[in-house]
Amino acid sequence: MAPIIELRNVTKYFGSGRDQVTAVDAISLDIEAGEIVCLVGESGCGKSTTGRMVVGLLPPSEGQILYQGQDISAMERADYQDYRRAVQIIHQDPYASLNPTQTVRQMITAPLLRHQTQRGGPTANGSGRRGKRRDAERRAAELLEIVDLTPVADFLDKYPHQLSGGQRQRVSVARALTVEPKFIVADEAVSMVDVSIRVSLLNMLYRLKDEFDVTFLFITHDLALAKYFAWEGRITVMYLGRIVEEGPTPRLITDSRHPYTQALLGAVPEADPELARKKVHVELRSAEIPSLLNLPAGCTFHPRCPYFVPGQCDARVPALESIADGGTVACPVRKAESIQLV
Ligand SMILES: Nc1ncnc2c1ncn2[C@@H]1O[C@H](COP(=O)(O)OP(=O)(O)O)[C@@H](O)[C@H]1O
Ligand code: SF4
Ligand SMILES: [Mg+2]
């Protein structure tokens, strides 16, 4: 079967002339149904741009995005509508994406009613308008329970400003579930939430994977979160618009090859003192992230990389090459160097 989402050499430019930047540079990624894939990298490396292209909010400048094997830019109208419904995004800031003038009840029942109308067919309570509304109300209550907003009656008539950040994010998730999505891009979905409730939000998202057969693209700048959420999945590391390393999470965490991945891992606090002692810290030559307006030649990590080989690293853009333990890495110098980081 075709992957549920496939990116083929996807590039995104913003601006024009001297101000043009390449926010995403020829990235390719296959995501199979049921997989959890994390996109990780520092702020500004193109994660959100990638996520927005995957859900159809932004068109790629070059390359193709395929949903279930079909190029989304060449879809018939009905297939495109199907794809836009099936592929949803949860944003970092739920306050910005929730309508401040609507109650939770209105926010959840409105898309349910629209979705029912589109799908047609009789409802459980008869096909009249009242029956449809009763069905939507019942489903809204179920969805709030699924996202742990209980007792449901306490939340139905609340406005966004009456909810905490975590509760608002749960409402966003419930709203995304109204259209029975198959694929969810969670873009920094727990980043703005209090640390104390991050884990319960992550666990709730994780549960949806099995209960609703949802495939996740989980976007975060925090490798520790990626490790937690995608231990059974894959991590893709981006740097300045390019993928630099990718692989099954356990391999990427314990035996990463790209110096940038190693630097990210070195920055993750380790609670276990035994593991902390064993950790290798990659000393970067520079802490500064280059501007997209003036990218270094060759491997764009070279001004910061401690393993920089002049004449090689700054001459060619390294291709992603397969490595034996799973995944790919774009660093010919270090691809065979295994460092046990954890
Ligand atoms: N609509 C836009 N117009 C111009 N530049 C943009 C736009 N969206 C993003 N960018 C630029 O593209 C780069 C990648 O941004 P983004 O995808 O948001 O990164 P991330 O989510 O990894 O922090 C940044 O330099 C950002 O300023
Ligand atoms: S290609 Fe060279 S500069 Fe780039 S990460 Fe590898 S060693 Fe460092
Ligand atoms: Mg972002």
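Observations on the structure shown:
- Segment 148-247 holds helices (runs of 4 or more DSSP H) entirely within its bounds, and those carrying 3 or more residues that are under 24 Å from residue 264 (Cβ atoms) map to 195-211, 223-229.
- Residue pairs meeting the criteria (Cβ under 7 Å; at least 6 apart or on separate chains; first assigned by TED's automatic domain parsing to the domain that holds residue 324, in segment 257-277; second at pLDDT below 85 and assigned to a helix (DSSP H, G or I)): 270/276
- On inspection, residue 123 fails the criterion of being modelled with pLDDT of 95 or more, hydroxyl-bearing (Ser, Thr, Tyr) and in contact with a helix residue (DSSP H, G or I) (Cβ under 8 Å, 6 or more places away or on another chain).
- Unmet requirement for residue 43, which otherwise passes all of (1) within 22 Å of residue 220 (Cβ to Cβ); (2) at pLDDT 95 or above: (2)
- Filtering segment 184-205 to residues that are hydroxyl-bearing (Ser, Thr, Tyr) and without any contact (Cβ under 8 Å) to a residue 24 or more places away in the chain leaves only 196.
- Note on segment 237-279: residues that are within 16 Å of ligand 2 (Cβ to nearest atom) and β-branched (Val, Ile, Thr) amount to 4.
- Positions within segment 226-266 being more than 23 Å from residue 292 (Cα to Cα) and polar (S, T, N, Q), in sequence order: 249, 254, 256
- Looking across 137, 180, one residue alone is touching a residue at least 12 places away in the same chain (Cβ under 8 Å), in contact with a Ser or Thr (Cβ under 9 Å, 6 or more places away or on another chain) and in the same structural domain as residue 51 (by TED's automatic domain parsing). It is 137.
- Within segment 68-104, tally of residues that are of a type in the set (Phe, Trp, Tyr) and at pLDDT 95 or above: 2
The values are calculated or read from the model by the stated rules, or taken from the named source; none is laboratory data. All values derive from a computational prediction rather than experimental measurement. Don't worry about glycine lacking a Cβ; one is built from the backbone with ideal geometry, like all the others, and counts go over all protein chains shown.
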